[in-house]
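Taking it in order: structure first as C-alpha cells, then the write-up.
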Amino acid sequence: MKILMILTNHTQLGNTGNKTGFFLREVAYPYSILNEKGHEITLCSPKGGKVSADPLSLDYGEDKTIIKFYENEKIKEKLNSTNKPEDINSEDFKCIVFTGGHGTMWDFPENTALQQLTRKIYEKGGVVAAICHGPAIFSNLKLSDNSYLISGKKISCFTDEEEKHVKLENEVPFLLESKLLSIGAKHNKADKFQPYVEVDDRLITAQNPPSSQKFGEAIVDKLNLIK
C-alpha cells in the first residue's frame, strides 16, 4: 500500500536557542518496518523541501535500524526533498503517519492542508497514525461533520509528565496531553518513557520514542486487516 509519512520542518525549540526537528527514531523505525513489508512510503512536510532531525535524536549509538535508515543515500535525498501537502492526492494513500519531534508542536496544528489530507484519508476508510508529539495534528483536526477526529477515541501521545521531565513545558505552545483531553480524547499511557501504543479501530497513536518499534508493527498489523 501507499503510505504518506509526515515530518516537521520546524527547527527552533521555543526560546531556548536550541534546535529541534523530527525525532529520528520515530521516523526510522516505522519507515523501516513498513518498507520491509513492501509498503511504498512518500515523505511529506508542512512546507515541503528539507527536513532536519532533532540533534538530541542523533545520539543513536549502534542502533542498526537507525543506522541503516539514516545513512542510506536515497533516504537522505528524500529527507532533503519532501513533498508539500498541497501537491499530494489523498486518493493515492491508504494510510497517513505523523512522526514526532518537538518541531511538530509548531507546524502541525494549524496546517489546514494536512488536516484536509488526513480527513479525506480517514473518511474513505484509511488508517491515521501518530507518535509522540505527532498527535499535535489532532488539536484542530475535525471531520466533515465538524466533530474532532479524536473525540471519544482512545489515544496516546507524549505526556504532560514527560514534557515536564524534559523541562520544556514552558517552551512548547501547549501541553499536548492536556490539549487532546480538552477536545474529548480518551488518553491512555504507560509510565514516563516506557513504550505504549494505543489502537482504536483505524486510529493508531504512540506515546514516545521508545514506542517506535511497536508503533510501526501496529500500523503493519492494521494495514493487513484492511486490505
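The values are calculated or read from the model by the stated rules, or taken from the named source; none is laboratory data. Keep in mind that what you see is a predicted model, and the values were worked out from it rather than measured. Positions of Cβ are generated from backbone atoms using ideal geometry, with glycine treated the same way; all protein chains shown enter the neighbour counts. Accessible surface areas use protein heavy atoms only, side chains included; no ligands, DNA or RNA. Shrake-Rupley method; radii C 1.70, N 1.55, O 1.52, S 1.80 Å.
Ligands, DNA and RNA left out, the accessible area of the chain computed with a 1.4 Å probe is 43% carbon and sulfur. An oblate overall shape is assigned to region 114-223, the ratio a/c of its alpha-carbon gyration tensor axes (a ≥ b ≥ c) being 1.5 or greater and a/b not exceeding b/c. Peptides 22-33, 79-90, 212-223 ranked from most to least packed give 22-33, 212-223, 79-90, packing being the mean of other C-beta atoms within 10 angstrom over each peptide's residues. Under 21 Å from the Cα of Lys68, which lysines turn up, not counting those fewer than eight places away in the same chain? Leaving aside lysines fewer than 8 places away in the same chain, those within reach of Lys68 are Lys37, Lys50, Lys76, Lys78, Lys214. In the chain, helices alone account for a calculated mean residue ellipticity at 222 nm of -8500 deg cm²/dmol, with every DSSP H run of four or more residues adding -39,500 (n - 2.57). Convex hull volume of the C-alpha atoms in region 75-126, normalised per residue: 96 Å³. Filter the chymotrypsin sites (Phe, Trp or Tyr not before Pro) in region 163-201 to those in DSSP coil with at most 13 other Cβ atoms within 10 Å of their Cβ, and list the result. Answer in residue order: no site qualifies.
Among the trypsin sites (Lys or Arg not before Pro) in region 133-181, those placed in a DSSP loop whose Cβ has at most 12 other Cβ atoms within 10 Å are Lys167.
Residues of region 1-44 with an amide N closer than 20 Å to a point placed 7 Å from the Cα of Glu171 along the Cα-to-Cβ direction: 8-27. Taking θ as phi - 60° and the Karplus parameters 6.51, -1.76 and 1.60, the scalar couplings of region 213-227 work out to 5, 4, 4, x, 5, 5, 5, 4, 4, 5, 5, 5, 7, 9, 4 Hz in sequence order, x denoting glycine and proline.
Looking at region 1-156, the accessible area is 43 square angstrom per residue; that uses a 1.4 Å probe and ignores ligands, DNA and RNA. Residue separation of Glu110 and Val220 scaled by 0.36 nm, minus their Cα-Cα distance, works out to 36.8 nm of gained length.
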